[in-house]
Amino acid sequence: MASVGGRGRRRLVGEINVVPYIDVMLVLLVIFMVTAPLLTQGVKVDLPKAGAQAIPDQKDPLIISLDKDGHRYINLGDDKSAPVDEKTLAARVRAVLERDHDTQVLLKADARLPYGDVMKTMVLMQSVGATKVGFITDPLPPEPGQ
């Protein structure tokens, strides 16, 4: 039993043990480090190789992706990996261009896609008011001996 008079009582300690919090933080850090590379988004597109100059960084461009089957994707909206039809694509691009006329539109087309499909999308972009339409390519591999 506890003694009367308070001699056997324990004093309350006003310190917080932070070791469990550090352990939880380190576990979360490892989880985020492992999952971050897996969260890359986008559409799998086999880009053609070209020796073009890089575009200087400006505002965030509007990227239209065309896969090998001719499906169109846009880097706007809730589901960026869902294909969009021509009407939806045109409406979204028109809305962006109405807010900012200088927004650059970039086409990211698969190398196996017929040239006519790429041009059809480019004409669609120009018909909704895109004055700056460019192409995204992969850089050429380095030449032997360099």
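The values are calculated or read from the model by the stated rules, or taken from the named source; none is laboratory data. Please read all numbers here as calculations on a predicted model, not as lab measurements. Quick reminder, even Gly has a Cβ in these numbers, built from the backbone with ideal geometry, and neighbours come from all protein chains shown.
Taking the numbered list (1) at pLDDT 80 or above; (2) more than 17 Å from the chain's Cα centre (by Cα) in turn, Gln53 passes all entries but (1). Among strands (runs of 3 or more DSSP E) entirely within region 62-146, having at least 2 residues that are at pLDDT 85 or above singles out 62-66, 72-74, 105-109.
Among the residues of region 68-120, just one is buried (at least 18 other Cβ atoms within 10 Å of the Cβ) and touching an Asp or Glu at 6+ places or on another chain (Cβ under 6 Å), namely Asp110. Taken over region 30-45, the criterion of being at pLDDT below 75 and surrounded by 10 or more Cβ atoms within 10 Å (Cβ to Cβ) is satisfied by Gly42, Val43, Val45. Of the residues making up region 121-134, those that are over 15 Å from Asp60 (Cα atoms) and either aliphatic (A, V, I, L, M) or surrounded by 15 or more Cβ atoms within 10 Å (Cβ to Cβ) (or both) number 7.
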